[in-house]
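Below are the C-alpha cells for one structure; questions will follow.
The values are calculated or read from the model by the stated rules, or taken from the named source; none is laboratory data. Please read all numbers here as calculations on a predicted model, not as lab measurements. Methodologically, a virtual Cβ is constructed for each residue, glycine included, from the backbone with ideal geometry; neighbour enumeration extends over all protein chains shown.
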Amino acid sequence: MRELLEKMVEESREFTQGGQLASYIPELLKYNKDDLGIYLIRNDGKEFYAGNFDKRFTIQSVCKPLILLLALIDNGEDYVTQRVGVESTGKAFNAIMDFSQVEDLKDHINPMVNIGAIAMCSMIEGKDKDEKFQRLLDLTKKLSGNENIGVNMQVFESERKTGDRNRALAYLLKSYGTITDDVDDVLDVYFKACSIEITCKDLANIGFVLSNNGRSKSSDEEIVSKKYTRFVNAILMTCGMYDGAGDFAIRVGIPAKSGVGGGILSVAPSIMGIGIYGPALDSKGNSIAGIKLLEKLSNSLYLSVF
Ligand code: GLN
C-alpha cells in the first residue's frame, strides 16, 4: 500500500504545475506549489502515507463541515436547516448574489460555501467570539485526536486584512436577519476557523470519524452522533467541492471537502478517512493534483459509492 501511494503521488505531482497558489490571502503564497501528500486511515486502524504528508497548512474551507457539525450539535437539525439550505449553489465558494428577488434566502445559502459557513458561525454556542471559537477548536482537536492543533496567527491576520468579500457576505446576512450578532465578531470566528493549522494526518482522522458513524479509531467513543455524520457526509457529496462537486462525484465518488490552503478531507464511508495536501489550486479553488490523486486512489481501491 505504501508503495502504491508513493507511486500515485509521484504520478499526480506533475499536475501541480497546472495550478496556482491562493493569492488572495497573501500569506498562503508562502506555500510550496509542488507539494503533494496523502495520509489515510483504514477501518482496520492501519495508517498509510506518502509524499509531503507531514507538511502543516491551514484548514481553510475544510473548517466548514466542522462548523456545520458544531452548529448541528448545538442547535439540532431543524434549527440549522431553517436558516441554511442543503442544496448545491453551483456557484463559486465566495459568490455574492443579488438576493432582492429571492423568496427564501436560505435556499441560496449552503453551509459549504462562505455565506453559509459565516451564518453558521453565529449559531455556535458561547458567551462571546472567543468561547465560540474555542469550542470549535476543541471539537477539531477531538475529531482529529490531536491536542496540539492551533491557529496560524499570520494567516488569520492576512485573512482579516483582505477579507472584504467575506465582510460583504456577513453584512448581507445581517441585513436579512440571518445573523444578529456583531458582524466583526462572527467574522473573527470564521477567519480563525479558516486559519486552524493541520496536517494530512489530522484530516485523515477527521475523515475516519465521518466514515465510522461518528466514532474515533482509538477509543471507539462516539464523538458525534451518527445522524449528524450522515447529514454532513451527504452535504459533502453534493456541495463539498463547490461548483466542482458534480465532476468530483463522477471522477472520485466519495464525500469530500476542499480548502484553498490545499487540503482535501475525504470520507470513504465504512472504508477509510483520507487527508490530502496539495496547495496548487484549480480555477474553482480545489487542489488540482489532490483531485488527480484521489481519482487514482478511488479507481484502484474501488472507493466510489456509485
Ligand atoms: N478563508 C477562505 C475564504 O474565506 C476559505 C475559502 C476556501 O477555502 N475555499 O475565502
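Restrict the check to region 57-73 and report whether at least one residue is among the hydrophobic types (A, V, I, L, M, F, W, C), within 13 Å of the ligand (Cβ to nearest atom), part of a strand (DSSP E or B) and in contact with a Gly (Cβ under 8 Å, 6 or more places away or on another chain).
Yes, some residue in region 57-73 is among the hydrophobic types (A, V, I, L, M, F, W, C), within 13 Å of the ligand (Cβ to nearest atom), part of a strand (DSSP E or B) and in contact with a Gly (Cβ under 8 Å, 6 or more places away or on another chain).
Please verify whether region 194-212 includes one or more residues that are within 16 Å of the ligand (Cβ to nearest atom) and free of Cβ contacts under 8 Å to residues at least 60 places away in the same chain.
no
Every residue in region 146-169 that is near the ligand (Cβ under 10 Å from one of its atoms) and touching a strand residue (DSSP E or B) at 6+ places or on another chain (Cβ under 6 Å), please.
Val155
Of the numbered conditions (1) away from the ligand (no atom under 16 Å from the Cβ); (2) in a loop (DSSP other than H, G, I, E, B); (3) surrounded by fewer than 19 Cβ atoms within 10 Å (Cβ to Cβ), Asp35 satisfies every one except a single condition; which is it?
Asp35 satisfies every listed condition except (3).
For region 261-284, what are the residues that are crowded, with 24+ Cβ neighbours inside 10 Å and farther than 17 Å from Val9 by Cβ?
Gly261, Leu265, Val267, Ala268, Gly273, Leu281
Is there any pair with a first residue in region 137-153 that is more than 20 Å from Asp220 (Cβ to Cβ) and a second that is crowded, with 16+ Cβ neighbours inside 10 Å and of a type in the set (S, T, N, Q) whose Cβ atoms are under 8 Å apart and which are 6 or more apart or on different chains, and what are they?
Ile149/Thr140; Val151/Ser195; Asn152/Thr58; Asn152/Ser195; Met153/Ser195
If you don't mind, another one. For the condition part of a loop (DSSP other than H, G, I, E, B) and either of a type outside the set (A, V, I, L, M) or under 20 Å from Gly145 (Cβ atoms) (or both), what is the one hit in Ser270, Ser298?
None of the others qualify; the one that does is Ser270.
Residues to consider are Val113, Val102, Val86; find the one that is under 20 Å from Gly261 (Cβ atoms) and hydrophobic (A, V, I, L, M, F, W, C).
None of the other options fit; the residue is Val113.
So, one more: Can you name the number of the only condition in (1) within 15 Å of the ligand (Cβ to nearest atom); (2) part of a helix (DSSP H, G or I); (3) at pLDDT 95 or above that Leu143 fails?
Result: Leu143 passes all but (1).
Let me ask another. For region 63-75, state whether one or more residues are among the small types (Gly, Ala, Ser) and closer than 21 Å to Thr238 by Cα.
yes
Taking only pairs six or more apart or across chains, which ones have beta-carbon atoms under 6 Å, a first residue in region 155-167 that is more than 19 Å from Ala95 (Cα to Cα), and a second residue that is in a helix (DSSP H, G or I) and more than 9 Å from the ligand (Cβ to nearest atom)?
Val155/Glu27; Phe156/Lys192; Ser158/Pro26; Ser158/Glu27
Given the conditions (1) crowded, with 24+ Cβ neighbours inside 10 Å; (2) within 29 Å of Ile118 (Cα to Cα); (3) more than 16 Å from the ligand (Cβ to nearest atom); (4) not β-branched (Val, Ile, Thr), which single one is not true for Leu40?
Condition (2) is where Leu40 drops out.
Let me ask you something else. Quick one: what pairs do we get from region 179-192, first residue more than 15 Å from the ligand (Cβ to nearest atom), second modelled with pLDDT under 95 and assigned to a helix (DSSP H, G or I), C-beta under 6 Å, 6+ apart or different chains?
So the pair list comes out as Ile179/Leu173.
Any idea which residue in region 170-195 is surrounded by the most Cβ atoms within 10 Å (Cβ to Cβ), counting only those that are touching a strand residue (DSSP E or B) at 6+ places or on another chain (Cβ under 7 Å) and not in a loop (DSSP other than H, G, I, E, B)?
Cys194
Does Asn110 fit the bill of being surrounded by fewer than 18 Cβ atoms within 10 Å (Cβ to Cβ) and out of contact with any Phe, Trp or Tyr (no Cβ under 7 Å at 6 or more places or on another chain)?
no
Search region 240-262 for residues being out of contact with any Phe, Trp or Tyr (no Cβ under 6 Å at 6 or more places or on another chain) and within 12 Å of the ligand (Cβ to nearest atom), and hand back the single one that is farthest from Thr81 (Cα to Cα).
Val260
Go through region 80-94 and report how many residues are outside any loop (DSSP other than H, G, I, E, B) and of a type in the set (S, T, N, Q).
Adding up the residues that qualify gives 2.
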